[in-house]
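Only the coordinates and a few stated rules stand behind these numbers; no lab work does. On a predicted model such as this, the values are computed, not experimentally measured, just so you know. Glycine also receives a Cβ, built like all others from the backbone with ideal geometry; neighbour counts cover every protein chain displayed.
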Amino acid sequence: MRIFFFFVFIIFSCSKKNESPGELDQKVSRILSQMTLEEKVGQMTQINLTVIAKGPNKWKSKFPLEINPNRAKKALIDYKVGSVLNTINNTALKPELWYETISLIQKYAIDSTRLNIPVIYGIDAVHGTTYTDGATMFPQQITTAASWNPKNAYNMAMVCAYETRASGIPWNFSPVLDLGTDPRFPRQFETFGEDPYIVKEFGNAMVKGYQGLNNNVADKYKVAVCVKHFVGYHPTISGKDRTPAYIPDHVLKEYHIEPFRKAIDLGAKSIMINSGLINGKPVHADYNLITNVLRNELGFEGVILTDWEDINKLHSRDKVAKTIKEAIKIAINAGIDMSMVPYDYEVFCENLIDLVNEGKVLMSRIDDAVKRILKLKYELDLFNIPVTNYQDYGDFGSKKYAKLAYNAASEAITLLKNKDDLLPIKINDNPKILVTGPNGNNMRTLNGAWTYSWQGEKTDQFAGNFNTIFEAFSNTYGKKHVKYVPGVSYVDDGQYFEMQEDDINKAVLEAKNSDYVILCLGENTYTEKPGDLNDLTLHKLQLKLAKEIAKTGKPIVLILNLGRPRLITDIQPLMKSIINIYLPGNFGADALVDIVSGKVNPSGKLPYSYPAFPNSLLTYYHKPSDVQNNSQGAYNYVGEVNNLYDFGYGLSYSEFKYSNIILNKVEYSESDTIEMSVNLKNISEIPGYETIQIYSSDLFASITPDIKRLRRFSKVFLKGGEEKTIKFTLPINELAFVNYNNEYVVEPGKFKISISDLSQEIIVN
């Protein structure tokens, strides 16, 4: 095998890069003209790695990983399968094993097939290279958004691209550009939060980090992105994964499609489709959304990929197809290019071949799909270098990458409450500290899902070299001054929501003997359907622990370690300080203790609205009718927004003052640009970062306008006592909304521009 690897490296190292589109098209057309229908259908098929690995069946493999020659021959040679994804048994592998495995897969695909077409390998590497042992784990997307600094998203994607390529994998199913509008949804942590502008800006940064500023994915340090999940995946009625959503066309266009539009403009190479339903129709069956909107209106030219088994679900779950064969016909005709099968590839291939032969799927539709797949393989230079060699990636898991991950966590961690300036807690005072709660000594909960395994349950096996919260506090404040008593713990091998008491009385007794309590509450790891919930309130045992500790009268610093905001309204008044660390990654505990000790000044801001009650789930850009005063007469129409903490909120150890907002004029035409400035002063002696947030409000419109919309933001550093004038520009056409004709319009009238507690009205003629 080693001889083969050397052979691959030598033979395929002479790559011709940066070919013109015309040259690529000629190559694609030339090879397409030689392909049989069976070969074309094979290219449209993606299988899970376990299908071709040694093991008892196609769903489970044995360790150590080995390719099963018979299974590999059948899939890669007989059925000409063109793509493989995932890992075996939901477990991270070392880079060298990835290299050996993918090299062998490519050998089957290239050496033993008529046209020598390489496989394209894909993976879900969402906050680091998920399934590679030793990779750098950054904060999750929701945490990164809390930094309000897109540079952190770029760095995460750049490092992830490098380390994914170090694993021999050129295709990444990331970033997530869904709007995280519903805290009930189990994948909110995979998003950049509820605001379309933030999602767009951070998504842009990740696309650039993954694919490079010149969009040359043949670069061995870059990967092709697969942005997901087009479109409207998160705002389901039930709040549960893969359940129906009802989204009017104008809402879909203005809020949900816009982040994808920008990613497409930047050259995103592939897009994954929403697994759910919109307005009663599965998106995988929706010709209008996939072809009319995504292809024609947005101009997307890359590969359109299904999510896991989603064509089959048109039959088995959604009941829009009487048979699997009919489901395949509907999805491919809707515009799907590649099916993540991921197991029963024979069924997919044979049925699709039959459909073409029967004239129910046109050969032109097949050719269109295969052209895009082949083009992506050429763009990745897989015909020349089918697998990159881990030995060429000396910075894999390096200290410089660790520093970037730490910085991202430290910028994101959000101080929500600091009564009586409890924080920072000075190290030199030698305080006695109790760390308690189920998240206090747990690497799994710091990272969340998609960390070494799908649900993140194997994280502790791989992350032993990093610090839990307890370990980080012990290292900083001294082992003899810091104790850990869980009080409450998660059930081993249980579902994410299962908990058990773990001697709450002992935790209370230890609290009485401590100067400070670091109470670490939150969630165990989950994603997708396993992460569905029925109650947004934090688990009753965690609330019990908090209340019992509070009875001691000792000052409590509540650490929220969670992927979505869980309700803490009952215990919030009992906490002296509250810090939301979200899912900060392997270096999150180190960043947290540096904030608590004052080494780092917190600067994170919430990327979502933190609700106070189960039925108060509104985004910050809600409608005016959501907030009403009592009406005169027989009826009282009362509406209110009950947030515990608002979108964009976050405290600092510094104190900032805004003044002197200036706009270049009062009246504008639609073609004009607002030029504005505001003064920001750090009126404390502590240097720190402040995020300036600029909002607009359309005061009157033909569709009830949002209360406000975020239009610009900038994170600014100021020394103690320093004042800066910060300038922004905002084209008037960015104040547009989508009307019922599905058109972007700026209607004449009054608008308000707001920065902090300052505002000015303008007129658009």
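Before moving on, here are some points about what is shown:
- Formal net charge of residues neighbouring Thr476 (Cβ-Cβ distance under 9 Å; K, R +1; D, E -1): -1
- Of the peptides 538-545, 735-742, 582-589, 512-519, the ranking by mean beta-carbon count within 10 Å, highest at the top, reads 582-589, 512-519, 538-545, 735-742.
- The ranking of Thr451, Thr113 from fewest to most other beta carbons within 10 Å of each one's beta carbon is Thr113, Thr451.
- Computed over region 466-551, relative contact order equals 26 percent, with contacts defined as Cα pairs under 8 Å that lie 6+ residues apart.
- Percent RCO, i.e. relative contact order, over the chain, from Cα pairs under 8 Å lying at least 6 residues apart: 13 percent
- Applied to region 691-703, the Karplus parametrisation 6.51 cos²θ - 1.76 cosθ + 1.60 on θ = phi - 60° returns per-residue 3J(HN,Hα) values of 9, 7, 10, 10, 10, 10, 10, 7, 6, 8, 8, 5, 10 Hz, with x for Gly and Pro.
- Inter-part distance where region 169-191 and region 311-381 are each reduced to a Cα centre, Å: 25 Å
- Label-reachable residues, region 344-385, where backbone N falls under 15 Å from a point 7 Å from Arg30's Cα toward its Cβ: 375, 378-379, 383-384
- The alpha-carbon atoms of region 184-291 define a convex hull whose volume equals 104 cubic angstrom per residue.
- For region 156-161, 3J(HN,Hα) per residue [Karplus equation, 6.51 cos²θ - 1.76 cosθ + 1.60, θ = phi - 60°, Hz, x = Gly/Pro]: 4, 5, 4, 5, 4, 4
- Calculated translational diffusion coefficient of the chain (10 °C, 1.306 mPa s; Stokes-Einstein with Kirkwood radius over alpha-carbon pairs) equals 58 µm²/s.
- Total formal charge among the other residues, if their Cβ is under 15 angstrom from that of Pro555, Lys/Arg +1 and Asp/Glu -1: +3
- The C-alpha atoms of the chain define a longest principal axis, and helix 196-211 lies at about 50 degrees to it.
- For region 559-598, the alpha carbon convex hull comes to 56 Å³ per residue, rounded to a whole number.
- Two-decimal log10 I(q)/I(0) for region 413-611, as the Debye equation yields it once each C-alpha is a single scatterer, q = 0.10, 0.11, 0.19 Å⁻¹: -0.36, -0.44, -1.48
- Cross-link reach list, lysines versus Lys681, counting only Cα pairs under 18 Å and skipping chain neighbours closer than eight places: Lys657, Lys715, Lys719, Lys724, Lys727
- The protection proxy used here, the mean number of other Cβ atoms lying within 10 Å of each residue, ranks peptides 90-100, 407-417, 326-336 as follows, highest first: 407-417, 326-336, 90-100.
- Net dipole in debye of the chain [+1 Lys, Arg Cβ; -1 Asp, Glu Cβ; about Cα centre; nearest 20]: 1200 debye
- When the Cα gyration tensor is reduced to axis lengths a ≥ b ≥ c, the ratio a/c is 1.5 or higher for region 121-245, and with a/b above b/c it is classed as prolate.
- Shape class of region 529-586 from the Cα gyration tensor (axes a ≥ b ≥ c, square roots of the eigenvalues): oblate, since a/c reaches 1.5 or more and a/b does not exceed b/c.
- Annotation: amide H-H contacts under 5 Å for Lys432 (H modelled 1.01 Å from N, sequence separation of 5 or more, or interchain): Asp515, Tyr516.
- For region 652-727 versus region 69-118, the gap between their alpha-carbon centres in whole angstrom: 53 Å
- Helix-only mean residue ellipticity at 222 nm for the chain, each DSSP H run of n ≥ 4 adding -39500 (n - 2.57), per residue, nearest 500: -8000 deg cm²/dmol
- Net +/- balance of residues flanking Ala321 in space, Cβ distance below 11 Å, scoring K and R +1, D and E -1: +4
- For region 584-598, putting each phi into the Karplus relation 6.51 cos²θ - 1.76 cosθ + 1.60 with θ = phi - 60° gives couplings of x, x, 5, 9, x, 5, 5, 5, 4, 5, 5, 6, 4, 7, x Hz, in residue order, rounded to whole numbers and with x for Gly and Pro.
- Highest mean first, the peptides 459-469, 140-150 sorted by other C-beta atoms within 10 Å per residue fall in the order 140-150, 459-469.
- Gyration tensor (alpha-carbon) shape descriptor, region 373-520, a/c threshold 1.5: prolate
- Angle of helix 540-550 to the longest C-alpha principal axis of the chain, folded into 0 to 90 degrees and rounded to 10: 30°.
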